[in-house]
1. Does residue 226 satisfy the criteria of being modelled with pLDDT under 90, over 23 Å from the mean Cα position of the chain (by Cα) and open to solvent by 20 Å² or more (accessible area, probe 1.4 Å)?
2. Do the conditions hold for residue 212, that is, is it in contact (Cβ under 8 Å) with a residue 12 or more places away in the chain and either under 30 Å from residue 48 (Cβ atoms) or hydroxyl-bearing (Ser, Thr, Tyr) (or both)?
3. Hey, any hits in segment 287-297 for a residue that's under 18 Å from the mean Cα position of the chain (by Cα), in a loop (DSSP other than H, G, I, E, B), among the charged types (D, E, K, R) and surrounded by 14 or more Cβ atoms within 10 Å (Cβ to Cβ)?
4. Scan segment 298-310 residue by residue and report those that are touching a Phe, Trp or Tyr at 6+ places or on another chain (Cβ under 8 Å) and either open to solvent by 10 Å² or more (accessible area, probe 1.4 Å) or of a type in the set (Gly, Ala, Ser) (or both).
5. Quick check: is even one residue across segment 242-257 hydroxyl-bearing (Ser, Thr, Tyr), in a helix (DSSP H, G or I) and in contact (Cβ under 8 Å) with a residue 60 or more places away in the chain?
6. For residue 313, work out the one condition from (1) of a type outside the set (D, E, K, R); (2) open to solvent by 70 Å² or more (accessible area, probe 1.4 Å); (3) without any contact (Cβ under 8 Å) to a residue 12 or more places away in the chain it doesn't fulfil.
7. Before we move on, is residue 72 in contact (Cβ under 8 Å) with a residue 24 or more places away in the chain, open to solvent by 20 Å² or more (accessible area, probe 1.4 Å) and not β-branched (Val, Ile, Thr)?
8. I need every pair where a residue in segment 92-108 that is under 13 Å from residue 31 (Cα atoms) has its Cβ under 8 Å from the Cβ of a residue that is of a type in the set (D, E, K, R) and crowded, with 24+ Cβ neighbours inside 10 Å, sequence separation at least 6 or different chains.
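The values are calculated or read from the model by the stated rules, or taken from the named source; none is laboratory data. The structure presented is a predicted model; accordingly, all values stated were derived computationally and were not measured. All Cβ positions, glycine included, derive from the backbone under ideal geometry; neighbour counts span all protein chains shown. SASA here: full protein model, heavy atoms, side chains in, ligands and nucleic acids out. Shrake-Rupley method; radii C 1.70, N 1.55, O 1.52, S 1.80 Å.
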Amino acid sequence: MKTLKNKKALMLAVITTLTTGFTAQIHAAKGVLQIKETVKSDYAKTKYPIVMTHGWLGWSRIGNDSFNIDYWYQILPDMARNGSTVFAAQLSPANTTQFRGEQLITQVEEVLAITGKNKVNLIGHSHGGPTVQYVAAVKPGYVASVTGVGGTYRGSKVADDIQSNQASRTVFNIVGQYMVGPILTWAQANPDIPVDFDASMKSLTEAESAKFNKRFPTAALASDCNKSGAKVDKGIYYYSWGGTAQTTNLLDIDTILMQLGPLSYGNKDNDGMVARCSSHIGQVIRDDYNLNHTDLANMLFGLKGIFAPDPVALFRQHANRLKLQGL
């Protein structure tokens, strides 16, 4: 009898420990995520912390410190090892630019509180581009620099085509709203993140992007995307880069999706989702890397073309660029 009680007590202790640990992981997974690594150099040690902002249907981290799938595969740990104080924002995978921007402001304020700094360097991929643009417009005092990587600054014709066809719009909305969106929020242990798939697609259209840019203007975004925007606007430094590849690795599951760009634009002057000149803001570092839209963030698992540049190195070099600029 005593042995049975001991076994029950032991089992209860194990269950309590596991449950407590799981709850702690869930709590840690919500909101902005700081990446910590053993620092090996100060090459990427910027003055202000860096906040990485994921794009449409994105996430910060799925899993825990031991086993995880980062949106920015291998990029953030590399930046941290090279001296960056770097965070990954956790935003709605699908929502309006303004909604995601307000979420980001809250997380930027958290980063400022954690680090004691008064500004951050914002880097946004895809829909993360205009999302950080919103923060710079609404809270310019928080922002030292804005960087867009394959940013949807002038929208994506892929979104226009999907929205304009009722059949495709319905299918995408059902799959996105009731399958993909909930899976992404659940996998991050934060199922309460609001998802509005149809609104997100509308935000990504060229027409709605033009309205957004009029409402939240910046001299860094030229009136014509073939012209150069200001490198500095209201004390905020602006940078961008992008790619012009679609099929880069047949083993990469994004290969089929990246064919939507050429279909919509009727050419290959895009990264499979966003037209080359649409990604321009501020100082354009380069806009024709042999990388497709997801390769630019080293998704998924770093699969890319054999002769393509290393996205991890591009971000490390950019952190050094910000450092040398005193940012």
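1. Values: modelled with pLDDT under 90: yes; over 23 Å from the mean Cα position of the chain (by Cα): yes; open to solvent by 20 Å² or more (accessible area, probe 1.4 Å): yes.
Yes: the conditions hold for residue 226.
2. Working: in contact (Cβ under 8 Å) with a residue 12 or more places away in the chain: yes; either under 30 Å from residue 48 (Cβ atoms) or hydroxyl-bearing (Ser, Thr, Tyr) (or both): yes.
Criteria met by residue 212.
3. No.
4. Going through segment 298-310, the residues touching a Phe, Trp or Tyr at 6+ places or on another chain (Cβ under 8 Å) turn out to be 298-302, 308-309.
Answer for segment 298-310, where residues must be touching a Phe, Trp or Tyr at 6+ places or on another chain (Cβ under 8 Å) and either open to solvent by 10 Å² or more (accessible area, probe 1.4 Å) or of a type in the set (Gly, Ala, Ser) (or both): 299, 300, 301, 302, 308, 309.
5. Within segment 242-257, the subset hydroxyl-bearing (Ser, Thr, Tyr) is 244, 247-248, 255.
This time we only want the ones that are in a helix (DSSP H, G or I), so: none.
So far as segment 242-257 goes, no, none of its residues is hydroxyl-bearing (Ser, Thr, Tyr), in a helix (DSSP H, G or I) and in contact (Cβ under 8 Å) with a residue 60 or more places away in the chain.
6. Only one criterion in (1) of a type outside the set (D, E, K, R); (2) open to solvent by 70 Å² or more (accessible area, probe 1.4 Å); (3) without any contact (Cβ under 8 Å) to a residue 12 or more places away in the chain is unmet by residue 313, namely (2).
7. On the way: in contact (Cβ under 8 Å) with a residue 24 or more places away in the chain: yes; open to solvent by 20 Å² or more (accessible area, probe 1.4 Å): no; not β-branched (Val, Ile, Thr): yes.
Against the criterion (in contact (Cβ under 8 Å) with a residue 24 or more places away in the chain, open to solvent by 20 Å² or more (accessible area, probe 1.4 Å) and not β-branched (Val, Ile, Thr)), residue 72 does not qualify.
8. Taking only residues 6 or more apart or on different chains, the pairs are 92/100.
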